[in-house]
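The values are calculated or read from the model by the stated rules, or taken from the named source; none is laboratory data. Please read these numbers as outputs of a predicted model, since none were measured by experiment. Reconstructed Cβ throughout: ideal geometry from the backbone, glycine too, with neighbour counts over all protein chains shown. Ligands, DNA and RNA are stripped out before the accessible areas are found, and what is left, the full protein with its side chains, is counted by its heavy atoms. Shrake-Rupley method; radii C 1.70, N 1.55, O 1.52, S 1.80 Å.
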Amino acid sequence: MKSTITQKIHTHSKELGFELVGISPAKESETIELYRKWIENGYAGKMGYLERHLPLKEDPRTLLKKAKSVISLAMNYYTVDPSKDLSEDPSRGQISRYAWGDDYHDVIRVRLQQLVDYIKPLAESELQTRVFVDSGPILEREYAQKSGLGWIGKNTNLINWQTGSWYFLAEILISIELEYNHEPIRGSCGTCTICIEECPTDAILEPNVLDSRLCISYLTIELKDSIPKDLRPQIGNLIFGCDICQEVCPWNSKAVPTSEPAFHPRKDNLTPKLLHLMDITQSDFSRKYKGSPIKRTKWKGFLRNVIVAVGNWGSPTAVPALKRALINDEPMIRGHAAWALGQIGGKNATMALENQLNYENHPEVITEIKDALQSISN
């Protein structure tokens, strides 16, 4: 009976668009102490919810008391590769591949519920389930690895030996015993360290240990405050997330395009022109990125990221837009605009900074302006 239900789950999961499916027992985490140490070392940065959720991650049965199995699923989001000329053009922004299309949470949650509805009639007893798409307090990569979907690479992403790491992960906790994976995991990172070497901010401290405080994805999405000045130049033209450790991974040379149309790029999500985004308003942002993962960073964070990319571009043509940002209602926007003007330099940038200094009353912005003027004078 277990074998029959398990096989049907595998088959129907793939019909719903999940390329990878595996099942493991709902047992206590084997990596929770490593995770606890990671939190204690401060590597979670200001993501306080990760520490608050730590007790819930110790055992999936804290999330569903009668859980017997964890169904781990992965959906491919690899689509096209943008033109290298455009992605390397500093006047254009880069958005992480996972955010090019629709919000994967919405897309996958519907499929998970469809899978649960399919399983219910197969069970001989009353079924209890909980579904999670990335945001749930479960150590999803550990259970995905246990279920045979792949191994956790040195860049901390789950890697499948056949198709790489461009996958969204999801889980179903279920109150019946199923047939579990017993096959050894194929593939490994071996001696390869290219992801560690290519990270612009050296966020991968050692194999499998990532300091979020240095990670560009954290800095441009999760961090709600000012981006540390010493890290801004390393961000380049990345305005939402970062894919570098996946782009350089040799296993991703095996990636195949997804069949899910919702993950294909929306208009203007591939290498948008930075100056077109400089005057984006709150209402523009809400309308443009409705139903998109990009909404997570919120308008203020997104504009902050764009301004940093403009500063790294360093073109004097951006000075008028930065002057407008320098009088924005948000102090964080003004501060980053001041920094960007300092990166560009020149007479017009200096005049804009000096003029704003006469009116500015926020201490952090005043410091940013003075540092920018100092940078120009040097």
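Residues that are among the aliphatic types (A, V, I, L, M), touching a residue at least 40 places away in the same chain (Cβ under 8 Å) and open to solvent by 20 Å² or more (accessible area, probe 1.4 Å), at least 1 per element: which helices (runs of 4 or more DSSP H) completely within the stretch 274-358 meet that?
Qualifying helices (runs of 4 or more DSSP H): 274-277, 331-344.
Would you confirm whether or not the stretch 362-374 contains a residue that is more than 18 Å from HIS276 (Cβ to Cβ), of a type in the set (Lys, Arg), free of Cβ contacts under 8 Å to residues at least 12 places away in the same chain and open to solvent by 30 Å² or more (accessible area, probe 1.4 Å)?
So in the stretch 362-374, the residues more than 18 Å from HIS276 (Cβ to Cβ) come out as 362-374.
Still in the running and of a type in the set (Lys, Arg): 370.
This time we only want the ones that are free of Cβ contacts under 8 Å to residues at least 12 places away in the same chain, so: none.
So far as the stretch 362-374 goes, no, none of its residues is more than 18 Å from HIS276 (Cβ to Cβ), of a type in the set (Lys, Arg), free of Cβ contacts under 8 Å to residues at least 12 places away in the same chain and open to solvent by 30 Å² or more (accessible area, probe 1.4 Å).
Is it true that LEU274 is over 24 Å from PHE168 (Cβ atoms) and either more than 20 Å from the chain's Cα centre (by Cα) or among the small types (Gly, Ala, Ser) (or both)?
Yes; evaluated as a whole, the condition is true for this residue.
Among the listed residues ILE39, ILE32, ILE71, identify the single one that is farther than 29 Å from GLN113 by Cα and within 23 Å of the chain's Cα centre (by Cα).
ILE39
Using the structure shown, decide if SER226 is open to solvent by less than 40 Å² (accessible area, probe 1.4 Å), farther than 24 Å from PRO82 by Cβ, in contact (Cβ under 8 Å) with a residue 60 or more places away in the chain and of a type in the set (Ser, Thr, Tyr). Before the answer, list the steps.
Numbers: open to solvent by less than 40 Å² (accessible area, probe 1.4 Å): no; farther than 24 Å from PRO82 by Cβ: yes; in contact (Cβ under 8 Å) with a residue 60 or more places away in the chain: yes; of a type in the set (Ser, Thr, Tyr): yes.
Spelling it out, it is not the case that SER226 is open to solvent by less than 40 Å² (accessible area, probe 1.4 Å), farther than 24 Å from PRO82 by Cβ, in contact (Cβ under 8 Å) with a residue 60 or more places away in the chain and of a type in the set (Ser, Thr, Tyr).
State all residues of the stretch 229-243 that are surrounded by 20 or more Cβ atoms within 10 Å (Cβ to Cβ) and aliphatic (A, V, I, L, M); if no residue qualifies, say none.
Result: ILE235, LEU238, ILE239.
Do you know which residues across the stretch 86-122 are out of contact with any helix residue (DSSP H, G or I) (no Cβ under 7 Å at 6 or more places or on another chain), over 17 Å from GLU247 (Cβ atoms) and aliphatic (A, V, I, L, M)?
ILE108, VAL110, LEU112, VAL116
Conditions tested, residue by residue: (1) at positive phi; (2) under 14 Å from the mean Cα position of the chain (by Cα).
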| residue | (1), (2) |
| --- | --- |
| ASP202 | yes, no |
| LEU238 | no, yes |
| ARG266 | no, no |
| LYS295 | no, yes |
| PRO316 | no, no |
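Those residues that are buried (at least 20 other Cβ atoms within 10 Å of the Cβ) and closer than 30 Å to TRP313 by Cβ, I need them from the stretch 250-268; list them, please.
Correct list: ALA255, PHE263.
Just to verify a result, which residue in the stretch 84-100, among those that are of a type outside the set (Ser, Thr, Tyr) and more than 17 Å from GLY311 (Cβ to Cβ), is farthest from the chain's Cα centre (by Cα)?
ASP85
Looking only at the stretch 349-371, decide whether some residue is among the small types (Gly, Ala, Ser) and within 21 Å of SER91 (Cβ to Cβ).
Yes, the stretch 349-371 has at least one match.
Can you find, within the stretch 8-29, the residue that is nearest to the chain's Cα centre (by Cα) among those that are among the β-branched types (Val, Ile, Thr) and crowded, with 16+ Cβ neighbours inside 10 Å?
VAL21
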